[in-house]
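**Student:** This is the structure, below, for whatever I ask next.
Since every read-out is calculated from the coordinates, none of them should be taken as a lab result. Keep in mind that this is a model prediction, so the values were computed, not measured. Cβ atoms come from the backbone with ideal geometry, glycine included; neighbour counts cover every protein chain shown.
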Amino acid sequence: MRRIREIEGLRAFLALWVLVGHVLGTAGYTPEMMEGFPLLLVSGRYAVDIFIIISGFVIFLLIDQVRGNYSAYITQRFFRLYPLLFVLFLIAVVLAPLAMQNVTQSGAYHTEKYVENLTYKLDTHNDWLGFNILTHITMLHGMVAEKWVPFVPGAFLDPAWSISLEWQFYLVAPLLFSLAATRGRFARLGVIVACLAAYIMARKILPRVEYGAFLPFHIEFFFFGACSYFIYRHLHNSVIKPDFLFPTAVAAVFMIYFTSGHDFRLFPIALWLVFFALMLEPKESLSHRLIAPIFLNRISLWMGKVSYSIYLLHTLVITLISSVLLSYFDLERGDYFFILFVSTLILTMMFSWLTYRYIEKPGIILGKKLSSRFNKERSK
């Protein structure tokens, strides 16, 4: 599959955004304490929403370019996600007592109510340990509603809820692509209506799922990403006037932001539109020459390559470092945040390189080998 290198670089910044948000939350900086840009930083869920939009775009690109059989496709996707998730989830289960100890010692940075709620949540994870392990093994833990078993999607390894969401999308994406790209207009309308119906049902009928980890609760972001791919496929080889799309998108986002009273809820879609406009800009445009290097430099591309590891393991690093800081130091909130952030950033990068090299990459290679066998068997 041809990779769009700008997207690789964007993933790096999104993974860092999530990391910063979790460190801020661990140090007791809540959204209620923030405004402006700091509020955006602590709201790492917006970065996850952009990750989801990217997934909709990239998976449709993959399906369109490879056009293999379903077994080959889903095998490759499975081994892209599963090995790292499986290993880190088991480590998170082992570290669960340490996470509980951190919560009981964090009263200097969190309210008593917050500590009580988080303690209850962690106790619930342990009470349903077997069920949590079983659902994570299948990567369907994001489909469990809170009224059935509480707090399953984020059990032990908090970021893993979105991996289940990704997996759910991977399972149905080939069908959605087939209907949208290769069938008649009624099939395309059917896909649009189905996505809209899922969006409405998630907000009116379906029981609550932690983090909205069930596909209908985030269907709009996959939808925007998938639609963006069809626009990209239509326009990226067209003659586009330089320095029109990107400046226009930036101006539109600023106008919407100030018109809406500085509301960040549309920020994921707005940021994606600006980035998408940058991808469509001709390489010789001033916009591309000035902005694209932010995403295309060697550091950004390297971090983008290991962004899955950064995203999934940084909370474990936070648990380890917090344990040391809370047990042996008495720090002011600002000092605690700074030391925790720097230490987490450094160790996460080191561990991410190791997990990418020894877990992610072997899984990717194995998935490709197995999927190629399926394609060979199909061609016989």
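**Student:** Jot down the radius of gyration and Dmax of the chain, Cα atoms only, both in angstrom.
**Tutor:** Cα-based Rg and Dmax for the chain come out at 21.3, 68 Å.
**Student:** Mind checking which of S228, S322, S71 has the largest fluctuation in a GNM of the chain, springs on alpha carbons under 10 Å?
**Tutor:** Ranking S228, S322, S71 by mean-square fluctuation puts S71 first.
**Student:** Let me ask you something else. Given the options G28, G36, G56, state which has the largest fluctuation in a GNM of the chain using a 10 Å cut-off (strictly under) for Cα springs.
**Tutor:** Sorting by GNM fluctuation, first place goes to G36.
**Student:** Mean Kyte-Doolittle of at least -1.0 and a Cα length of 30 Å or more along the axis: which whole DSSP H helices of the chain meet both?
**Tutor:** Passing helices, by number: 5-26, 45-66, 70-94, 161-182, 307-328, 333-355.
**Student:** Could you tell me the distance between the Cα centroids of segment 325-378 and segment 1-63, to the nearest Å?
**Tutor:** 16
**Student:** What number, rounded to the nearest 500 deg cm²/dmol, is the helix-based mean residue ellipticity at 222 nm of the chain, given -39500 (n - 2.57) per DSSP H run of at least four residues and division by all its residues?
**Tutor:** When only DSSP H runs of four or more count, the value is -24500 deg cm²/dmol.
**Student:** Something else now. Tell me the GluC sites (Glu not before Pro) within segment 28-123 that lie in a loop according to DSSP and have at most 16 other beta-carbon atoms within 10 Å.
**Tutor:** Passing both the DSSP loop test and the Cβ count: E35.
**Student:** Kindly provide the chymotrypsin sites (Phe, Trp or Tyr not before Pro) of segment 155-263 that DSSP labels as loop, not H, G, I, E or B, and whose Cβ sees at most 15 other Cβ atoms within 10 Å.
**Tutor:** Passing both the DSSP loop test and the Cβ count: F244.
**Student:** Enumerate by residue number the trypsin sites (Lys or Arg not before Pro) in segment 234-316 meeting two conditions: DSSP loop (anything except H, G, I, E, B), and at most 12 other Cβ atoms within 10 Å of the site's Cβ.
**Tutor:** R265, K283
**Student:** Give, rounded to the nearest 20 debye, the magnitude of the charge dipole that the chain has about its Cα centre when Lys and Arg contribute +1 at Cβ and Asp and Glu contribute -1 at Cβ. Each step should come with its number before you reach the end.
**Tutor:** Working: 33 positive and 24 negative charges, 444 e Å.
With Lys and Arg at +1 and Asp and Glu at -1, about 2140 debye.
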